[in-house]
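Sharing a structure, written as structure tokens. Questions coming.
The values are calculated or read from the model by the stated rules, or taken from the named source; none is laboratory data. Source: prediction; values computed, not measured. Because the Cβ atoms are built from the backbone with ideal geometry, glycine has one as well, and the counts that use them run over all protein chains shown. Areas reflect the complete protein model, heavy atoms only, side chains present, ligands, DNA and RNA absent. Shrake-Rupley method; radii C 1.70, N 1.55, O 1.52, S 1.80 Å.
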Amino acid sequence: MTTRIVIADDQEAIRGAFRMVLDAQPDMQVVGEAADGMAALEMVSRLRPDVVLADVRMPRMDGLELTRRLAGPSVAAPVRVVVVTTFDLDTYVHAALRGGACGFLLKRSGPNLLIEAVRAAVAGDTLISPQITVRLLAHMRSPAPGGGTHDTVPASALTEREVEVARLVAQGCSNAEVAAELFISPGTAKNHLANIQQKLGVRNRVGVAGWAWSSGLMSAATGE
């Protein structure tokens, strides 16, 4: 199946560069480009793409508001949004993820990570630029960046194995890395993660990580 993508960025050169990278993939197709948030909102409503790449700073409506309208917790049929920006600011990261974004990418991260971010979004996973992952997760103390009400769910709601998986996810581990650490298959790791997300009421692994930090689970693990 082909992943249909809309690019929202006010710089034509950036849109063109992203289109070149993504259209070169056999399983991806850029179906639309928008130069501002309002145009992107209308385009997504009309085209219903699989993934939206949204810049933060755009005229008429910025990417953070666009993300909230497309993927926020109150949206009945959310669209997968990956925020792609030049600016490495915690306020942007938190706002994007709390707005329902399933990825946060710095434009300087390169084409390979852009492709990975789109594929992760389609798979229901989340990719965050490595430059900010550890700092971001360590400061996720409240409320539900992945959607839901994870701050009200105690660790006792999870099995011992699920707690181990949640801790590793909060450290930025991929499913493959979780599997290797716990000597289980990647498929089993993915199933554990899905169960955790359901119990916590969050949409993605970023929500799991946010719960792990805000609940004190990581402080207990690190002795902080």
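What residue, among those in region 35-56 that are surrounded by 15 or more Cβ atoms within 10 Å (Cβ to Cβ) and in contact (Cβ under 8 Å) with a residue 40 or more places away in the chain, is farthest from F104 (Cα to Cα)?
P49
Oh, and also: Return the pairs, sorted by first residue and then second, in which the second residue is modelled with pLDDT of 95 or more and open to solvent by 40 Å² or more (accessible area, probe 1.4 Å), the first residue lies in region 22-34 and is part of a helix (DSSP H, G or I), the beta carbons are less than 9 Å apart, and the residues are 6+ apart or on different chains.
Between residues of region 22-34 that are part of a helix (DSSP H, G or I) and residues that are modelled with pLDDT of 95 or more and open to solvent by 40 Å² or more (accessible area, probe 1.4 Å), the close pairs are L22/Q29; D23/Q29.
While we're on this one: Does M20 fit the bill of being over 20 Å from A71 (Cβ atoms) and over 19 Å from the mean Cα position of the chain (by Cα)? So that I can check it myself, show each step before the final result.
Details: over 20 Å from A71 (Cβ atoms): yes; over 19 Å from the mean Cα position of the chain (by Cα): yes.
Yes, satisfied.
Could you check, for region 122-135, whether at least one of its residues is part of a helix (DSSP H, G or I), modelled with pLDDT of 80 or more and crowded, with 16+ Cβ neighbours inside 10 Å? First the steps, then the outcome.
Kept after step one, since they are part of a helix (DSSP H, G or I), are these residues of region 122-135: 122, 130-135.
Within this subset, residues satisfying the condition of being modelled with pLDDT of 80 or more are 122.
Add one more test, that the residue is crowded, with 16+ Cβ neighbours inside 10 Å, and what stays is 122.
Checked against the condition, which is being part of a helix (DSSP H, G or I), modelled with pLDDT of 80 or more and crowded, with 16+ Cβ neighbours inside 10 Å, region 122-135 yields at least one hit.
What about R4, is it under 18 Å from C102 (Cβ atoms), outside any helix (DSSP H, G or I) and open to solvent by 60 Å² or more (accessible area, probe 1.4 Å)? Break it down stepwise before answering.
On the way: under 18 Å from C102 (Cβ atoms): yes; outside any helix (DSSP H, G or I): yes; open to solvent by 60 Å² or more (accessible area, probe 1.4 Å): yes.
Yes: the conditions hold for R4.
So, one more: Checking the structure you have, find out if any residue of region 182-192 is on the phi > 0 side of the Ramachandran plot, surrounded by fewer than 22 Cβ atoms within 10 Å (Cβ to Cβ) and not assigned by the TED database to the domain that holds P73. Show your work before the answer.
Within region 182-192, the first condition is being on the phi > 0 side of the Ramachandran plot, and the residues that meet it are 183.
Of the ones still in play, those that are also surrounded by fewer than 22 Cβ atoms within 10 Å (Cβ to Cβ) are 183.
Restricting the remaining residues to those that are not assigned by the TED database to the domain that holds P73 gives 183.
Yes, region 182-192 contains a residue that is on the phi > 0 side of the Ramachandran plot, surrounded by fewer than 22 Cβ atoms within 10 Å (Cβ to Cβ) and not assigned by the TED database to the domain that holds P73.
If T149 satisfies all but one of (1) modelled with pLDDT under 80; (2) more than 25 Å from P73 (Cα to Cα), what's the number of the condition it fails?
Condition not satisfied by T149: (2).
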